[in-house]
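As structure tokens, the structure follows; a few thoughts come after it.
Each reported figure results from applying straightforward, stated rules to the coordinates on display, with no laboratory input. What you see is a predicted model, and the numbers here were worked out from it, not measured in a lab. When we count neighbours, we look across all protein chains shown, and the Cβ atoms used for this are built from the backbone with ideal geometry, even at glycine.
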Amino acid sequence: MTAEEFAGYAKRYGDTVYRVALNCCKNAADAEDIMQTVLLKLYREKTDFESEEHVKRWLIRVAVNEGRKLRSSGWFKRRASLEEYAGTVDFESPEESELFIIAMALPEKYRVPLYLYYYEDYTIKEVAALCKLKESTVQTRLQRARERVKKALTKQEEDS
């Protein structure tokens, strides 16, 4: 990979890698570390990528794996607040921000597929490949995630 190719990939996909990492660890500093690690791995990668989409998928897969590795490490105990995390994303309305906070409070097995499907616009097949799951599992997790979000919104509405 040439330096120009790397710079182009970093410019085009750096933000996506950062958002995926932030989704995994919910901490801006850790997300930046993950992004740098992923981009360094890209620079050192010897594989010839077939297409732009192949590069993007590879970057997201590595970012998810790095996020999991970080969370499983013994020292990773702190968490940024969801409000801080939501503050890093631009929303058109307060309702979208509220919905995002509820969605990101879900357990990881629901949160990651939901994020990739709705916020990164991946298909169910693509989410399954990125998360190394069956398509039916992704569909089930998306359905359960939607049910949990709906339940949380209903509860929040009743409390108001």
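Hydrodynamic radius of segment 82-160 by the Kirkwood approach over all distinct alpha-carbon pairs: 13.2 Å. Eigen-decomposition of the gyration tensor built on the alpha-carbon atoms of the chain gives equivalent ellipsoid semi-axes of 29, 18, 15 angstrom, largest listed first.
Counting beta carbons within 10 Å around each of Leu40, Leu22 and listing the fewest first gives the order Leu40, Leu22. Cβ-to-Cβ counts within 10 Å put Val64, Val112 in ascending order as Val64, Val112, the fewest first. Extension gain, Ser136 to Thr154, is 3.8 nm, computed as 0.36 nm per intervening residue step minus the present C-alpha separation. Ordered by the count of other Cβ atoms within 10 Å of each Cβ, fewest first, Cys24, Cys131 give Cys131, Cys24. Direction-averaged projected area, Cα convex hull, segment 6-69: 3.8 nm², rounded to one decimal.
Helical runs assigned H by DSSP (4 residues or longer) give the chain a calculated mean residue ellipticity at 222 nm of -24000 deg cm²/dmol, each run adding -39500 (n - 2.57) before division by the residue total. To the nearest ten degrees, helix 52-72 and the longest principal axis of the Cα atoms of the chain are 60 degrees apart. Angle of helix 135-159 to the longest C-alpha principal axis of the chain, folded into 0 to 90 degrees and rounded to 10: 40°.
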